[in-house]
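Taking it in order: structure first as structure tokens, then the write-up.
The values are calculated or read from the model by the stated rules, or taken from the named source; none is laboratory data. Note that the coordinates shown come from a computational prediction; the quantities given were computed from them, not determined experimentally. All Cβ positions, even for glycine, are placed from backbone atoms using ideal geometry, and neighbour counts span all protein chains on display.
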Amino acid sequence: MSGTPRGALFDISVLVTPGTPEWPGDTPYSCGWSSRLADGASVNLSTITLSPHVGTHADAPLHVADGAPGADALPLDAFAGACLVITVAGAPRDVTLAELEALVPHGTERLLLRTGRTVADGRFPDDWPVLAPDAARALTARGLRLLGVDAPSVDRRESKSLAVHHALFGGGAQVLENLDLRAVPDGRYELVAYPLRLGGLDAAPVRAVLRTHPEGEP
């Protein structure tokens, strides 16, 4: 992170506006006004409609398993703390544990993967690299508590089994998707990415921020 000021903040949330790419077939973001000062109302009141998977969000286990915890039950401590950003760009593929051995130290609790295939570019990507399911299981066994990706999913676009979701949730790890890591160098940061407390949903929007270590911290 040479040249990056200590204590700098990076907003790694995708800007959500009309036209932000949604998963094909999902509910897109739209907004409007229920009252306007210009129309004589006492306040401006806006309204929105969207899938909770539009933009940066946390998936909940309910997304892939009936009866599993929803977004309001996600453990907050997993979404804040030390994290590592690494690049796994390239052709859509499974990223193996062997490939990660030199990049991800044992005991890493929060890992963010930059694939370069992101809706932050303004279009929905055709496909993207993902962790191999056995790599996801191995990382959770080593202490991984959260995996974040800049891609729309931790699984491949055409996956029906969602094996990576199941491997992560089965190992007690949480999931962040649709991050914007374009301006963030690889390295270590502090992450704050709390999901909204929305009852009974399978995902929740997140405002995700990275902070470089301030002066005096390692």
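Just one of Val184, Val164 is crowded, with 19+ Cβ neighbours inside 10 Å and in a loop (DSSP other than H, G, I, E, B); which is it?
On the way: Val164 fails: in a loop (DSSP other than H, G, I, E, B).
Val184 is the lone residue from the list that is crowded, with 19+ Cβ neighbours inside 10 Å and in a loop (DSSP other than H, G, I, E, B).
Name every residue in region 55-80 that is at positive phi and surrounded by 15 or more Cβ atoms within 10 Å (Cβ to Cβ), in order of residue number. If you could, list the steps in order and put the result at the bottom.
Restricting attention to region 55-80, the residues satisfying the condition of being at positive phi are 55, 67.
The answer is Gly55, and nothing else.
For Leu210, state whether it is in contact with a Gly (Cβ under 8 Å, 6 or more places away or on another chain), of a type in the set (A, V, I, L, M, F, W, C) and either in a loop (DSSP other than H, G, I, E, B) or in contact (Cβ under 8 Å) with a residue 40 or more places away in the chain (or both).
Working: in contact with a Gly (Cβ under 8 Å, 6 or more places away or on another chain): no; of a type in the set (A, V, I, L, M, F, W, C): yes; either in a loop (DSSP other than H, G, I, E, B) or in contact (Cβ under 8 Å) with a residue 40 or more places away in the chain (or both): yes.
Spelling it out, it is not the case that Leu210 is in contact with a Gly (Cβ under 8 Å, 6 or more places away or on another chain), of a type in the set (A, V, I, L, M, F, W, C) and either in a loop (DSSP other than H, G, I, E, B) or in contact (Cβ under 8 Å) with a residue 40 or more places away in the chain (or both).
Residues of region 39-54 being surrounded by fewer than 12 Cβ atoms within 10 Å (Cβ to Cβ) and either touching a residue at least 24 places away in the same chain (Cβ under 8 Å) or in contact with a Pro (Cβ under 6 Å, 6 or more places away or on another chain) (or both), which ones?
Result: no residue meets the conditions.
Is at least one residue of region 156-170 hydrophobic (A, V, I, L, M, F, W, C), touching a Gly at 6+ places or on another chain (Cβ under 9 Å) and closer than 29 Å to Thr17 by Cβ?
Step one: of region 156-170, the residues hydrophobic (A, V, I, L, M, F, W, C) are 162-164, 167-169.
From the residues that got through so far, the ones that are touching a Gly at 6+ places or on another chain (Cβ under 9 Å) too are none.
No, region 156-170 contains no residue that is hydrophobic (A, V, I, L, M, F, W, C), touching a Gly at 6+ places or on another chain (Cβ under 9 Å) and closer than 29 Å to Thr17 by Cβ.
Could you say which residue among Ala78, Ala65 is in contact (Cβ under 8 Å) with a residue 12 or more places away in the chain and part of a helix (DSSP H, G or I)? Walk me through how you get there before you give the answer.
Values: Ala65 fails: part of a helix (DSSP H, G or I).
Selected residue: Ala78, the only one of Ala78, Ala65 that is in contact (Cβ under 8 Å) with a residue 12 or more places away in the chain and part of a helix (DSSP H, G or I).
Just name the residue that is surrounded by the most Cβ atoms within 10 Å (Cβ to Cβ) out of those in region 121-136 that are of a type in the set (D, E, K, R) and assigned to a loop (DSSP other than H, G, I, E, B). So that I can check it myself, show each step before the final result.
Our first condition is that a residue be of a type in the set (D, E, K, R); within region 121-136, this holds for 121, 123, 126-127, 134.
Narrowing further to those that are assigned to a loop (DSSP other than H, G, I, E, B): 123, 126-127.
Numbers: Arg123: 9, Asp126: 9, Asp127: 16.
Once the filter is applied, the top-ranked residue is Asp127.
For (1) aromatic (Phe, Trp, Tyr); (2) more than 13 Å from the chain's Cα centre (by Cα); (3) at pLDDT below 95, each residue gets a yes or a no:
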position	(1), (2), (3)
Ala136	no, yes, no
Asp155	no, no, no
Leu168	no, yes, no
Arg182	no, yes, no
Leu210	no, no, no
His213	no, yes, yes
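Suppose the filter is under 24 Å from Gly19 (Cα atoms) and hydrophobic (A, V, I, L, M, F, W, C); does Ala80 pass it?
Details: under 24 Å from Gly19 (Cα atoms): no; hydrophobic (A, V, I, L, M, F, W, C): yes.
No; evaluated as a whole, the condition is false for this residue.
The conditions are (1) surrounded by 18 or more Cβ atoms within 10 Å (Cβ to Cβ); (2) under 18 Å from His165 (Cα atoms), and Thr118 fails exactly one of them. Which is it?
(2)
If we keep just the residues of region 99-115 that are part of a strand (DSSP E or B) and free of Cβ contacts under 8 Å to residues at least 40 places away in the same chain, which is surrounded by the most Cβ atoms within 10 Å (Cβ to Cβ)? Write out each step before concluding.
First, the residues of region 99-115 that are part of a strand (DSSP E or B): 110-114.
Within this subset, residues satisfying the condition of being free of Cβ contacts under 8 Å to residues at least 40 places away in the same chain are 111, 113.
Values: Leu111: 21, Leu113: 25.
By that ranking, first place goes to Leu113.
So, in region 7-38, of the ones that are at positive phi and at pLDDT 95 or above, which residue ends up surrounded by the fewest Cβ atoms within 10 Å (Cβ to Cβ)? If you could, list the steps in order and put the result at the bottom.
Going through region 7-38, the residues at positive phi turn out to be 7, 19, 25.
So of that shortlist, the ones also at pLDDT 95 or above come out as 19, 25.
Details: Gly19: 10, Gly25: 6.
Filtering region 7-38 for residues that are at positive phi and at pLDDT 95 or above, the one surrounded by the fewest Cβ atoms within 10 Å (Cβ to Cβ) comes out as Gly25.
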